[in-house]
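Below: one structure, written as structure tokens.
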Amino acid sequence: MRSLLLFLIAMAIAFASPARAENQVIAAAVSGFVKPAYGAFQTASAELSDDMDALCAEPSPDRLAAAREAFASLVTAWSEAEIIRFGPVMEENRLERILFWPDRKSTGLKQVQRALAEKDATATDPATLKSKSVAMQGLGALEFILFGTGSERLAEPGEDYRCAYGRAIVSNVQGIASAVVAGWQDPAGISAQWANPGADNPLFRTDEEAVTELFDIFIHGLEMVRDVRINGFLGEEADGDRPKQAIFWRSGATTGSITANLRGMRKLFEASQLAGLLPPDSAWIADSIGFEFDNAESALEAADGPVAEILADAARRGKLAYARLVTSSLSELFGVRLAGALGLTAGFSSLDGD
Amino acid sequence: MRTPLIDRRELLKAAGAGFFAALTGRALAETMQADAVFATAYQRRDGSYGAAILSEAGAVLHRIDLPDRGHDVTFDPVSRRSVVFARKPGTFAMVFDHTGGKEPVTIASIGGRHFFGHGVFSRDGRLLYATENDFDNAAGMIGVYDASADFRRLEEFPTHGVGPHELLLLGDGRTLAVANGGIETHPDFGRAKLNLSTMRPSLVFIDRLSGDLIERHELQPELHQLSIRHMAVDRSGAVWFGCQHEGPASERPALVGRARPGESFGLIDMPQDVLGGLRNYVGSVAANTKAGMIAVSSPQGNALVIIETAGGRIVSTSRLTEVCGVAPDGRGFLATTGAGEILGPEGGLIATEEYVWDNHLSRIG
């Protein structure tokens, strides 16, 4: 009936130990993707922290360039990890505190500009920053500090407040990254709970619930990339384009971030070894998934650049539109083909219902 | 002992929709009158969307195609017409007549608004009320439509909250109960939730004639991420509501509450194992006033919980994959699932090959 469940039962017997066997797919997803992805995010935040320290201590064009480059790396690392939307990142509003986006009413921008104008001392101290508006303490605010109006003056002495606020944001993000990493490393925490479903497990009672959580990452991640990240600024036709609604448009990291979202999903798919569960006559599904990830990645790479430039160039804009189309194909492959072949319901009502 | 009714149900079950295709109009009408009749949105296995009228045996008595995914169906017993609303952030609602008399009518949302998936008729069938999103201002609205004039939009009034979802008309025929889920969305960004760190759901009572706010209730501040979304009225007139928790899964807040206009508002306790089984998500709430019971379903937890309204006792908990649609039937409830199954009040399970059922099931006859 449900080939995946049968497989999981077989695995449980094969790996029988005094305790109940771990769910191997989940254990592999955690050790092969989740922990490394958050680890890379933590490392990137530490590197940016060093660069910000250096910039604030002795401003120079090179040091500003280094900080901006480290910001781009941090965005990439976060964009790979942010597809995980459960566990420690959901505690204490961490997800929104790392990245509050979209900021439709420019609430964050206005708050950041006000802090800069008033030299608000509570924004330069990480201890007080973390209890301010979520829009003031994460990557969106930091992008304005490093790339927004007036940011070029960070290359010279005299912008102590702006630099200090930037340092506080990085320190805050670093602290959140460490807390999320610690949460996944906790031997009694989410890693163990996700990989060991059972009647007394408060989060996952069955293997199916655990594997569905894994599937949700792909289903929701693809929907996010398409409906929120791409459709947020790319119209059906060019006259519907809204370049300033693109994520990370100020830093030019828009397509890099979207590419990293998809790369995160691909890494997770490969790490979890879901393809290995497919019966031979369904092996094509995994091949098609790999093929479509390749297509999306090369289209986004071909489009790469500042959003306004991409949208003004019909050929590069077309690449973006093609990448959007590929995400729909991937949604079908994961949500219908792969889910069907593994005996999971595609989650018609349970996935982000109403 | 088998009653004739059960025999007929078995026949309907075996025959499916094809049986009805062969019935004359009059025979079909008689069948519909004799049996309980339900309405729901669905997706077909080929990926297309629609809405159907179902017999309690799960036969599709009537169906219409929809251009996109539907959500809830509301029924007007006066004109015997149903309205299926597009799922958020959809911009259409379709009025249809399963008794076959009238052509379907499409209602398009006006510029700057979209539907949230729920609506309700006035008792006389003259006005239709729908929850809508004034998305540029992140303000919940109730759109008012004239059912006697091709569903022309007459006016709107605010729901005094963000992201209204289900609305009901209370027993006085005048008070609307509206669940303001609290979640801000904007069609530019699909279904993305834009304000989880600051959301403030509420349950409000509104005078449908004046549009005035009668009462507004919020849960305590630490429960501000508990989105109030679906409701049903029990036989004493209390409004039962079901919630979806947008905060961390490590928290397991109560998910079901009860409000009495002018008297009380609050969550009710449930045994921890029953609450845990709902996995922080109630997808639908229904009342069986004759039986004195409320049903809450959780497609996330694959659970259907039936509660006695008088004492709050848990009558039963059923495990069923992706159960969500639920409506009163006999001494219990008929429930539908996102896997295409239908669970009867006596526990019989019918599987459908052709359809998977959307989140809501409405009793329309």
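A few remarks follow.
- Peptide B:185-196 has a mean of 6 when you count, residue by residue, the C-beta atoms of other protein chains within 10 Å of its C-beta.
- Fluctuation leader among A:Thr206, A:Thr76, A:Thr259 - chain A, Gaussian network, Cα springs under 10 angstrom: A:Thr206
- Karplus (6.51, -1.76, 1.60) ³J(HN,Hα), θ = phi - 60°, over region B:42-50, in Hz, Gly and Pro reported as x: 8, 10, 8, 4, 7, x, 7, 10, x
- Percent of C-alpha pairs per 10 Å bin, chain A, short to long: 5, 23, 30, 24, 13, 4, 0
- P(r) for region A:151-214, from all Cα pairs and a bin width of 5 Å, is 4, 15, 15, 12, 10, 8, 8, 7, 7, 7, 5, 2, 0 %, short bins first.
- Our note on the geometry: Cα centres of region B:202-217 and region B:298-328, 29 Å apart.
- Calculated over region A:26-185, the projected area of the Cα convex hull averaged across directions stands at 8.8 nm².
- Positive end of the dipole of region A:26-185 (Cβ unit charges, origin at the Cα centre): among A:Leu55, A:Ala37, A:Leu109, the Cα lying farthest that way belongs to A:Leu109.
- Estimated 222 nm signal from helices in the protein assembly as shown, with DSSP H stretches of n ≥ 4 weighted -39500 (n - 2.57), rounded to 500: -10500 deg cm²/dmol
- Inter-part distance where region A:304-335 and region A:178-226 are each reduced to a Cα centre, Å: 30 Å
- Region B:161-280, relative contact order [Cα under 8 Å, separation at least 6], %: 19 percent
- Relative contact order [Cα under 8 Å, 6+ residues apart], chain B, whole percent: 12 percent
- Cysteines without a disulfide-compatible partner [the protein assembly as shown; Cβ-Cβ under 4.7 Å]: B:Cys243, B:Cys324
- Set A:Lys267/A:Lys319; B:Lys102/B:Lys290; A:Lys105/B:Lys88; A:Lys105/A:Lys130 screened for pairs whose C-alpha atoms are more than 27 Å apart: B:Lys102/B:Lys290
- What the pair-distance distribution of chain B shows, using all Cα-Cα distances binned every 10 Å from zero, is 5, 26, 36, 25, 7, 1, 0 percent.
- When only alpha carbons are used to place a centre, region A:92-170 and region B:53-122 end up 47 Å from one another.
- With contacts taken as Cα pairs under 8 Å at a separation of at least 6 residues, region A:26-185 carries a relative contact order of 35 percent.
- Candidate membrane-span-like segments in chain A, meaning DSSP H helices with Cα atoms spread over at least 15 Å of their own axis and a Kyte-Doolittle mean of 0.0 or above, are A:3-14, A:61-81, A:160-185, A:207-223, A:283-303, with no membrane implied.
- Region A:236-281: C-alpha gyration tensor shape, a/c 1.5 cut-off, then a/b vs b/c: oblate
- Remark on the protein assembly as shown: ratio of C-alpha radius of gyration to 2.2 N^0.38 Å is 0.99.
- A simple charge model with +1 on the Cβ of Lys and Arg, -1 on the Cβ of Asp and Glu and nothing else charged puts the dipole of chain A at about 440 debye relative to its Cα centre.
- Size of charge dipole - region A:50-95 - debye, nearest 20, with Cβ of Lys, Arg +1 and Asp, Glu -1, no other charges: 200 debye
- When +1 charges are put on Lys and Arg Cβ atoms and -1 charges on Asp and Glu Cβ atoms, the dipole computed for region A:26-185 relative to its Cα centre reaches about 620 debye.
- Karplus-derived 3J(HN,Hα), 6.51/-1.76/1.60, for each residue of region B:347-363, Hz, glycine and proline x: x, x, 10, 10, 9, 10, 7, 7, 10, 10, 8, 7, 4, 10, 10, 10, 7
- Sequence-distant residues sharing a close amide H with B:His118 (under 5 Å, placed H): B:Thr131
- Divided by 2.2 N^0.38 Å, where N counts the residues, the Cα radius of gyration of region A:202-351 comes to 1.12.
- Computed from backbone phi with θ = phi - 60° and the Karplus coefficients 6.51, -1.76 and 1.60, the 3J(HN,Hα) list for region B:317-329 is 10, 10, 9, 8, 4, 6, 6, 8, x, 8, 8, x, 7 Hz; x is used for glycine and proline.
All of the numbers you see were taken from the coordinates with simple rules; none came from a lab. Just so you know, these numbers come straight off a predicted model, no measurement behind them. Cβ: placed from backbone, ideal geometry, glycine included. Neighbour counts: every protein chain shown.
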